[in-house]
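Notes follow once the structure below has been shown.
Please treat every number below as a calculation from the coordinates, not as lab data. Only a predicted model underlies this, so the values are computations on that prediction, with no experimental measurement involved. When we count neighbours, we look across all protein chains shown, and the Cβ atoms used for this are built from the backbone with ideal geometry, even at glycine.
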Amino acid sequence: MARLLRRVPIGILPLLALLAAWELAARAGIYSAALFPSPMEVWSVFTDEGPLLLRHTLASLTRVVVGVSLAFVTAVPLGLLIGRYRTLERLLDGTVQIFRCFPAIALIPLAILFFGIGEKPAIMLIWFAAFWPLLISTIFGVKSVERTLLSVAQVARASDRLVLLDILLPNALPSIITGLRLAAGTGWLTVVTAEMMAVRSGLGYMILYAQQIFRPDEIVAGIIIIGVVGLAFDQLIRVARDRLCRWQEGLVAAP
Amino acid sequence: MSLIDVRHLSKTYARRAETVTALRDVTLKAEPGEFLCLLGVSGCGKSTLLKILAGLEPHSEGTVLVDGRHLQGPHADAAVVFQEHGLFPWMTTRRNVEFNLKARGTGARERRRVAEAMIETVGLSGFSEKYPHELSGGMRQRVGIARALTTNPKLLLMDEPFGALDAQTRSAMQGELLRLWQARRTTVLFVTHSVSEAIVLADRVVVMTPRPGRIRTIIPVDLPRPRDTTAPAFNALVRRALAELHDDLAEAAQ
């Protein structure tokens with residue numbers, strides 16, 4: 001019995017319960033049907049307006065991928081250098097600590113002033129949101145290197161380049177990937193918010209527009225997509241981590 | 001010419017307000033091909049001496065010559081086998097063994113050839129593509145030794161390499177090390193706090209006193225290898241080394 005229980009994906013049960021409660025609440029008619037769509041109505045958004053949903057989803061997705069990638073290629077090299085060179089750390093640490101406290105969302109008005117409405121402000125904001133967790137996790141990953149490993153490199157008279165690429169980067173990789181998960185998470189949250197103000201496409205825009213044209217079913221459909229895509233992102237990064245960090249001792253699918 | 005020629009070496013370093021003397025007036029020579037063990041209790045500065053010879057730490061006073069040259073940082077003549085975690089966990093056995101050659105700019109094909117040959121020499125054929133966490137403690141130390149030998153160092157510095165191994169593996173690794181040393185006649189400086197390990201391995205055992213580290217005495221071991229650890233002559237040497245160490249302990253306690 002216990003073994004059988006372990007095999008059943010019980011994690012899905014609360015979701016089914018929520019779905020049932022939602023259906024019941026809709027049928028009970030506590031709220032007017034115009035304001036409170038039933039699960040079936042939301043489902044029909046998916047079947048009837050597939051192309052629309054797909055277009056907005058792809059718009060958001062593209063922005064996040066571009067913004068987070070930009071953050072990755074800027075934050076990781078900088079983090080490697082800050083983690084490696086004490087002087088650079090002393091120079092930049094204060095600034096990093098201040099900047100990472102700014103919520104990207106608070107910068108939306110400024111981004112619109114600078115770049116107008118369109119792709120530019122949205123991508124800049126995602127870059128900003130994703131940059132700090134990546135930078136900080138890279139620095140942490142570099143600094144956690146065992147001293148003995150650096151001694152090995154020193155005795156072998158390894159070049160700075162070899163130390164950075166063959167020792168510090170792989171040493172930081174598990175931490176960088178954790179940072180990437182955080183970055184993708186905040187990037188995804190930021191894109192939805194940014195699209196409500198700074199762009200005229202994407203899931204954030206779609207949801208806000210649906211509110212204006214009185215389509216709660218579209219709002220809920222949008223929210224469901226946001227959740228599912230966010231989850232898929234995270235799973236993808238976990239798969240990548242399990243592949244890249246095979247060498248890690250005791251790595252058995254950590255959460 | 002001696003391979004190691006250390007004269008009146010002292011090592012002090014500042015710790016907060018006080019100055020700590022780690023080594024005082026150490027004079028020591030090692031001939032090419034000689035196997036020396038540095039024996040002492042923990043904190044006697046034996047690892048510090050090893051780091052100085054590796055060029056990892058500067059000394060404060062005296063002269064240190066390796067192969068006739070004054071030390072200025074890490075040098076091509078020495079290789080080090082570290083205590084425990086000297087292996088890169090993200091590199092396979094082969095890539096770990098290749099590392100010192102890669103640091104010298106040796107080409108990929110030559111690196112691979114030398115590494116594979118060395119992996120076979122230390123008895124790890126078939127484990128080339130394993131990661132360190134997939135190997136046993138003894139195997140990991142074999143990888144560390146293989147890596148150190150790839151550059152044909154004149155001086156092999158070993159910092160308590162077998163300290164974390166169980167008794168049986170340790171004894172097997174000692175035999176293995178002697179086999180490798182006899183085939184190559186590299187000069188070995190081996191740091192240990194185990195009296196019997198020092199006497200199993202060394203041509204001469206350098207007994208050190210703690211705080212500040214000085215050389216108390218040097219015990220030559222004229223027993224044929226492989227050494228019988230139960231023979232009376234072996235035990236006589238163990239007793240002598242223990243007596244030298246215990247005197248120290250008694251002094252240190254006062």
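Cα gyration tensor of chain A, axes a ≥ b ≥ c as square roots of the eigenvalues: rounded (a/c below 1.5), prolate (a/b > b/c) or oblate?
It comes out oblate by the Cα gyration axes.
Just rank B:HIS133, B:HIS193, fewest to most, by other beta-carbon atoms within 10 angstrom.
By the 10 Å Cβ count, ascending: B:HIS133, B:HIS193.
How would the range B:1-130 be classified by its alpha-carbon gyration tensor: rounded, prolate or oblate, with rounded meaning a/c under 1.5 and the a/b versus b/c comparison settling the rest?
Because a/c hits 1.5 or more and a/b exceeds b/c, the range B:1-130 counts as prolate.
Assuming 0.36 nm per residue, please report the length gained on full extension of the stretch A:ILE30 to A:ARG157 beyond their Cα-Cα distance.
Full-extension gain reported as 38.2 nm.
Among A:ILE82, A:ALA221, A:LEU189, whose Cα sits farthest toward the positive end of the charge dipole of chain A (+1 at Cβ of Lys/Arg, -1 at Cβ of Asp/Glu, about the Cα centre)?
A:ILE82
Where nothing but the Cβ of Lys and Arg (+1) and of Asp and Glu (-1) is charged, how large is the charge dipole of the range B:84-152 around its Cα centre, in debye to the nearest 20?
220
Under the definition of Cα pairs under 8 Å and six or more residues apart, what whole-number percent is the relative contact order of the range A:36-139?
42
Specify whether the C-alpha gyration tensor of the protein assembly as shown places it in the rounded, prolate or oblate class, a ≥ b ≥ c being the square roots of the eigenvalues: rounded for a/c under 1.5, otherwise prolate if a/b is larger than b/c and oblate if not.
prolate
Based on the Cβ-Cβ distance of A:LEU231 and A:SER44, what FRET efficiency does E = 1/(1 + (r/R0)^6) give at R0 = 22 Å, to the nearest 0.05?
0.45
Please report, ordered by residue number, every helix of chain A (full DSSP H runs) that is 20 Å or longer along its axis going by C-alpha atoms and whose mean Kyte-Doolittle hydropathy reaches 1.0.
Counting only whole DSSP H runs, the qualifying helices are A:13-28, A:50-84, A:119-143, A:216-244.
Which distance in Å, rounded to a whole number, links the C-alpha centroids of the range B:54-104 and the range A:6-32?
Centre-to-centre (Cα) distance: 64 Å.
Name the residues of the range B:167-192 whose amide N is less than 16 Å from a point 7 angstrom out from the Cα of B:ALA117 along the C-beta direction?
B:183-185
Determine the shielding of peptide A:154-163 by partner chains: average, over its residues, the number of Cβ atoms on other chains within 10 angstrom of each Cβ.
6
Taking a spot 7 Å from the Cα of A:PHE102 along the direction of its beta carbon, which residues of the range A:113-144 have an amide N less than 11 Å from it?
Residues A:125, A:128-129 fall inside that zone.
Give the lysines reachable from B:LYS51 as a straight Cα distance under 23 Å; neighbours fewer than 8 places away on the same chain don't count.
By straight Cα distance, B:LYS51 reaches A:LYS143, B:LYS11, B:LYS29, B:LYS102, B:LYS154.
Using a Gaussian network model on chain B with a 10 Å cutoff between Cα atoms, which of B:GLY73, B:GLY107, B:GLY45 fluctuates the most?
B:GLY107
What's the angle, to the nearest 10 degrees (0 to 90), between helix B:232-253's Cα axis and the longest principal axis of chain B?
Roughly 60 degrees between the two axes.
To make sure I understand, if each residue's beta carbon is the centre and we count other beta carbons within 10 Å, what order do B:VAL64, A:VAL239 fall in, fewest to most?
Taking fewest neighbouring Cβ atoms as first place, the list is A:VAL239, B:VAL64.
Let's see if you can work this out: charge +1 on each Lys and Arg Cβ, -1 on each Asp and Glu Cβ, no other charges. What is the dipole magnitude of chain B about its Cα centre, in debye to the nearest 20?
600
Along the Cα→Cβ direction, 7 angstrom out, place labels at B:ARG104 and A:GLN211. What is the inter-label distance in nm?
Placing both labels 7 Å beyond Cα along the Cβ direction yields 6.8 nm.
Let me know the charge dipole size of the range A:46-242 about its Cα centre in debye, to the nearest 20, where only the beta-carbon of Lys, Arg (+1) and Asp, Glu (-1) is charged.
680
For chain B, take the longest principal axis of its alpha carbons; what is the angle in degrees between that and the long axis of helix B:167-184, to the nearest 10 within 0 to 90?
80
On a 0 to 90 degree scale, rounded to 10, what angle separates helix B:137-149 from the longest Cα axis of chain B?
So the inclination is approximately 90 degrees.
Starting with the highest mean, order A:57-67, B:110-120 by the number of other Cβ atoms within 10 Å, averaged over the residues of each peptide.
Peptide ranking by packing, descending: A:57-67, B:110-120.
First measure r as the distance between the Cβ atoms of B:GLN72 and B:LYS29, then evaluate 1/(1 + (r/R0)^6) with R0 = 30 Å and state the FRET efficiency to the nearest 0.05.
In this case the efficiency is close to 0.90.
Counting pairs of alpha carbon atoms under 8 Å apart in space and at least six apart in sequence, what relative contact order in percent does the range A:98-255 give?
In percent, rounded to a whole number, it is 25.
Return A:LYS143, B:LYS102, B:LYS51 ranked ascending by Cβ neighbour count within 10 Å, so the fewest neighbours appear first.
Arranged by neighbour count, lowest to highest, A:LYS143, B:LYS102, B:LYS51 become A:LYS143, B:LYS102, B:LYS51.
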